[in-house]
Amino acid sequence: MTTSGKERVVYSFKWGSDGAAPIAGLTVLHGALYGVTWVGGLKTVCANFLSKGCGTAFEVSTSGSERVLHRFKGDKDGALPEGRLLALNGALFGTANKGGKRRGCGGAGCGTIFEINNAGVGQVLYRFEGGADGGNPSAGMISIDGVLYGTTTQGGSGCEDSGCGTIFKATTSGQETTLYRFKGPPDGLYPISSLVAVSGKLYGATFSGGTICIPGSSGHDGGTAFEADTSGAESVIYRFKCHDGWLPAGALLPLGGQLYGATTYGGRRGDGTLYTLSF
């Protein structure tokens, strides 16, 4: 789409071997577009999910030529990738929300960290276990000095044993370290959006936690914006008060010394807000 509003469909997914439901953003590498589809790819039903195929990783040229790099198989291979791919050193790194190991996380697997090269050869770097190390990553990862950083929506500690989510780091060879385990209100829980890095520090938002918007109703907390360093020290920089927005889902955007973001609900009519934070 041009900035004047002229739109052109580059590629239309067919719900077959090419994948379906590309819910993550795209990544540019060597002039081509790379991304993931949440489902599709294989003809068989993915694990215990209703949809066929466990998702794909794909390449699309700006002229519309599409190539599937990898079709996720579930189980050890990973399933249902939700986050944006990260281009690093000529390879693509990402997370899958399910799969990995059969035990834990309801038997569907707690997710993986994976690498795919341009030829489409993929490998699983790490399989989450859903305990102290975290589980079910929804967001993609970022890189600082060649190290991968990301979040998991569950695992860690608290939240009735399902875990409130984590911040993790991983090497490109697959060594994973949990940096921080969210604790629930008032600290925050369920970080579903990507991290951003500013001056060597990590910034992000939790979908819930912080201020309780509806007393006695689980999952109806305002959410938080947080800061963490690469050693794992975390602090909440803002707790949404519900009338100013709640349930922040998208990644923060650093711009001009401020952080910009959006909330799903809240505001004057309850339909969400755009906000800015100093940090």
Condition check for T230: within 23 Å of T166 (Cβ to Cβ), of a type outside the set (K, R) and surrounded by 14 or more Cβ atoms within 10 Å (Cβ to Cβ):
yes
Filter the range 217-240 for residues that are modelled with pLDDT of 90 or more, in a loop (DSSP other than H, G, I, E, B) and more than 20 Å from the chain's Cα centre (by Cα); the one that is nearest to I192 (Cα to Cα) is F240
Identity of the residue in the range 96-123, farther than 21 Å from G25 by Cα, surrounded by fewer than 24 Cβ atoms within 10 Å (Cβ to Cβ) and in contact with a helix residue (DSSP H, G or I) (Cβ under 9 Å, 6 or more places away or on another chain), that ends up modelled with the lowest pLDDT:
R102
The range 36-75, residues that are on the phi > 0 side of the Ramachandran plot and surrounded by fewer than 24 Cβ atoms within 10 Å (Cβ to Cβ)
A47, G64, D75
Among the residues of the range 124-133, what is the count of those that are buried (at least 20 other Cβ atoms within 10 Å of the Cβ) and in contact with a helix residue (DSSP H, G or I) (Cβ under 9 Å, 6 or more places away or on another chain)?
3
Taking the range 106-142 on its own, how many of its residues are small (G, A, S) and either more than 16 Å from T177 (Cα to Cα) or not assigned by TED's automatic domain parsing to the domain that holds D75 (or both)?
10
Could you go through the range 44-55 and let me know if any residue there is assigned to a loop (DSSP other than H, G, I, E, B) and within 17 Å of G140 (Cα to Cα).
yes
When the residues of the range 172-194 are narrowed to those that are of a type in the set (S, T, Y) and under 17 Å from V236 (Cβ atoms), which ends up nearest to the chain's Cα centre (by Cα)?
S193
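Could you look through the range 75-94, keep only residues that are assigned to a loop (DSSP other than H, G, I, E, B) and of a type in the set (D, E, K, R), and pick out the one that is modelled with the lowest pLDDT?
Going through the qualifying residues, I end up with E82.
The values are calculated or read from the model by the stated rules, or taken from the named source; none is laboratory data. Bear in mind the structure is a predicted one, so any value in this text is a computation, not a measurement. Cβ sites come from the backbone with ideal geometry, for glycine too, and all protein chains shown count toward neighbours.
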